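Novice: I am attaching a structure below and will ask some questions about it afterwards.
The values are calculated or read from the model by the stated rules, or taken from the named source; none is laboratory data. Since the model is a prediction, treat every value here as computed from it, not as a measurement. Positions of Cβ are generated from backbone atoms using ideal geometry, with glycine treated the same way; all protein chains shown enter the neighbour counts. Side chains are part of the model used for accessible areas, which takes the heavy atoms of the whole protein and leaves out ligands, DNA and RNA. Shrake-Rupley method; radii C 1.70, N 1.55, O 1.52, S 1.80 Å.
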Amino acid sequence: MSVVVLKNVKKSFGSLPVLHGVSFAVAKGEVLALIGASGSGKSTALRCIDRLEIVDSGEIEVCGHMVHDPGLDLRRLRLDVGIVFQSYNLFPHLTIKENVTLAPRSVKKLDRRAADEIAMQSLQKVGLAEKADNYPEQLSGGQQQRAAIARSLAMEPKVMLFDEVTSALDPKLTGEVLKVIEALAASGMTMIMVTHEMGFARRVADQVVFMHEGLVHEAGSADILTNPSTPELREFVSNDL
Amino acid sequence: MTLDFTAILARWQMLLDGLALTVQLAAVTTLTGFLIGTLCAIARRSDVSALRWVASVYIEAIRNTPFLVQIFVVYFGLSSLGFSFSAVTVAIIALTINVGAYTAEIMRAGFDAIHPGQWEAGECLGLSRTQTYWHVALRPAMERVYPSLTSQFILLMLASSVTSQISAEELTAAANFIQSETYRPFETYIVVALIYLALSLAMRVVFWAFGLAVFPRRRRLGTNL
Ligand SMILES: Nc1ncnc2c1ncn2[C@@H]1O[C@H](COP(=O)(O)OP(=O)(O)O)[C@@H](O)[C@H]1O
Ligand SMILES: [Mg+2]
């Protein structure tokens, strides 16, 4: 059964068409890597899934929520979807633990003890339990990104979206973040990740979707990265090497 | 010219009473003004155009008219509507209305300085708009504009001297009375000016201490946002 389905999704910003009819689906427990040149519409597609952008036409279904429907219950959608961005967006005035407990406490109304427990569990998953009482600015970029992942995980989402979460990091820090995401994939989390890390996509992705000029240009198993059938993907993959 | 403070200092009780009311006016209207100001800043950033419009009219009306005139408008306005509030109540209302408008502009600048990614992060975690304002935006916004807020509320305390005009018996009213009794206006106002100066400095200390309490990150790391 599919957790996320996009059907012929179209989206323009003013007179600039960005998505020209994008379709793909992610099954439960599956990892989908969304790849493509910068400007091809990957972030826009991801943002449409979490209703940060509203589609012009087409359908998006996420965990049973009709995201394209104007009557959508946004709050319940956001309970099921976690999203992490390139720019961490941790709350600078809160400690790491407070960052992680904020939503469980104020959205799920958990008491302090229950929220703390969940927070420490998620921080452990990303290897940051000992940083719980630090402020974001005291952490390295890689640690901040892992904290952002823990913050999302603490809400126990059914699907996680990652938008180039390692693009701001140097190779060493990239490695530690990718390790966390890989462990998450192994634990059965359904994920869509926009990434430029081809080696990582090859290793972890069950499905690869290559976007080109606002359309899904090629899609398939991770094998398409090794044996691309369109010249565009061939060129994209060779550029990356 | 000889300066003689004895007659003035002999009326210390009167000065103390005036000072007490000035402190009360400043303390109460700092709280009410901050509340009104922050709500108006939020209204001004709202998606609802009627709210934006109401807040803008209020803010511009207050920032472009003299405070003394505002006090009279409130004072005579309330009494012609049949209300008979005490001078102190009228002073609190007028000061709140006045400082609320300035605070609204300061807090709006603070909220505007919050990075869009912060609002989005709150939204993505399922926080409502109100919760995002409260948990995510309020303290960083305040921290950014805290020096302006401090100055604004000290100005408010100083502006409370104008409420002597509707015979609120605060510090300046006490001075007016004392100088008319002692015929020592220069000495009287020198003493009162020094009291205001001390009060301003005391407020700075209080704001600094309050800042340490509400911005624990800054207390621990010593860095600004
Ligand atoms: N909020 C926006 N307003 C206007 N144009 C946008 C906006 N977001 C993205 N775009 C444009 O849409 C196109 C696709 O952007 P994006 O989805 O970010 O691509 P990618 O993530 O693949 O690099 C780009 O041309 C970008 O400039
Ligand atoms: Mg992007």
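Novice: Determine if the stretch B:142-149 includes at least one residue that is charged (D, E, K, R), within 14 Å of chain A (Cβ to nearest Cβ) and either closer than 29 Å to A:Leu52 by Cα or over 16 Å from the mean Cα position of the chain (by Cα) (or both).
Specialist: The answer is yes; a qualifying residue exists.
Novice: How many residues does the stretch A:108-149 hold that are within 12 Å of chain B (Cβ to nearest Cβ), in a helix (DSSP H, G or I) and within 23 Å of A:Lys28 (Cβ to Cβ)?
Specialist: Residues that pass the stated criteria total 0.
Novice: So which residues in the stretch A:199-214 are open to solvent by 10 Å² or more (accessible area, probe 1.4 Å) and either within 16 Å of ligand 2 (Cβ to nearest atom) or within 14 Å of chain B (Cβ to nearest Cβ) (or both), if there are any at all?
Specialist: Within the stretch A:199-214, A:His212, A:Glu213 meet the criteria.
Novice: Where residues in the stretch B:1-56 are of a type in the set (Phe, Trp, Tyr) and within 30 Å of B:Phe210 (Cβ to Cβ), which of them is modelled with the highest pLDDT?
Specialist: Checked the stretch B:1-56; the qualifying residue modelled with the highest pLDDT is B:Phe34.
Novice: Of these, B:Ala121, B:Ala137, B:Ala109, which one is free of Cβ contacts under 8 Å to residues at least 60 places away in the same chain, under 25 Å from B:Gly33 (Cα atoms) and within 14 Å of another protein chain (Cβ to nearest Cβ)?
Specialist: B:Ala137
Novice: Would the stretch A:1-22 turn up any residue that is open to solvent by less than 40 Å² (accessible area, probe 1.4 Å), modelled with pLDDT of 95 or more and not in a strand (DSSP E or B)?
Specialist: No - not one qualifying residue is present in the stretch A:1-22.
Novice: Picking from A:His217, A:His196, which residue would you name as being in a loop (DSSP other than H, G, I, E, B) and either touching a His at 6+ places or on another chain (Cβ under 7 Å) or within 16 Å of ligand 1 (Cβ to nearest atom) (or both)?
Specialist: Checking each option against the conditions leaves just A:His196.
Novice: Out of curiosity, is B:Phe111 in a helix (DSSP H, G or I) and under 24 Å from the mean Cα position of the chain (by Cα)?
Specialist: For B:Phe111, the condition - in a helix (DSSP H, G or I) and under 24 Å from the mean Cα position of the chain (by Cα) - is met.
Novice: Same structure, new question: Given the residues A:Asn89, A:Asn99, which is the only one that is within 12 Å of another protein chain (Cβ to nearest Cβ) and not in a helix (DSSP H, G or I)?
Specialist: A:Asn89
Novice: Taking the stated definitions as given, is A:Gly188 among the small types (Gly, Ala, Ser), away from every other protein chain (no Cβ under 13 Å), more than 16 Å from ligand 2 (Cβ to nearest atom) and in a loop (DSSP other than H, G, I, E, B)?
Specialist: yes
Novice: Between A:Ile35, A:Ile83, which is modelled with pLDDT of 95 or more and within 11 Å of ligand 1 (Cβ to nearest atom)?
Specialist: Among A:Ile35, A:Ile83, only A:Ile35 is modelled with pLDDT of 95 or more and within 11 Å of ligand 1 (Cβ to nearest atom).
Novice: Considering only residues that are among the β-branched types (Val, Ile, Thr), free of Cβ contacts under 8 Å to residues at least 24 places away in the same chain and surrounded by 12 or more Cβ atoms within 10 Å (Cβ to Cβ), which ones fall in the stretch B:52-96?
Specialist: B:Val54, B:Thr65, B:Val73, B:Val74, B:Thr89, B:Ile93
Novice: Oh, and also: Going through the stretch A:125-153 one residue at a time, which ones are of a type outside the set (Asp, Glu) and free of Cβ contacts under 8 Å to residues at least 12 places away in the same chain?
Specialist: A:Ala129, A:Gln138
Novice: Further question: Out of A:Asn239, A:Asn227, report the one residue that is farther than 20 Å from A:Ser2 by Cβ and within 16 Å of ligand 1 (Cβ to nearest atom).
Specialist: The unique qualifying residue is A:Asn239.
Novice: Also: Among B:Ala168, B:Ala193, B:Ala174, B:Ala209, which is in contact (Cβ under 8 Å) with a residue 12 or more places away in the chain and assigned to a helix (DSSP H, G or I)?
Specialist: Just a single option satisfies the conditions, and that option is B:Ala174.
Novice: Determine which single condition A:Glu30 fails, assuming it passes every other condition in (1) within 28 Å of A:Glu232 (Cα to Cα); (2) away from ligand 2 (no atom under 16 Å from the Cβ); (3) buried (at least 21 other Cβ atoms within 10 Å of the Cβ).
Specialist: Every condition holds for A:Glu30 apart from (3).
Novice: For the stretch A:38-86, which residues satisfy the criterion of being among the β-branched types (Val, Ile, Thr), within 16 Å of ligand 2 (Cβ to nearest atom) and outside any helix (DSSP H, G or I)?
Specialist: Across the stretch A:38-86, the qualifying residues are A:Ile83, A:Val84.
Novice: Moving on to the next point. Regarding the stretch A:66-80, can at least one residue be identified that is more than 13 Å from ligand 1 (Cβ to nearest atom), buried (at least 23 other Cβ atoms within 10 Å of the Cβ) and away from every other protein chain (no Cβ under 13 Å)?
Specialist: Scanning the stretch A:66-80, I find at least one residue that is more than 13 Å from ligand 1 (Cβ to nearest atom), buried (at least 23 other Cβ atoms within 10 Å of the Cβ) and away from every other protein chain (no Cβ under 13 Å), so the answer is yes.
Novice: So is A:Val194 at pLDDT 95 or above and farther than 28 Å from A:Asp111 by Cβ or not?
Specialist: yes
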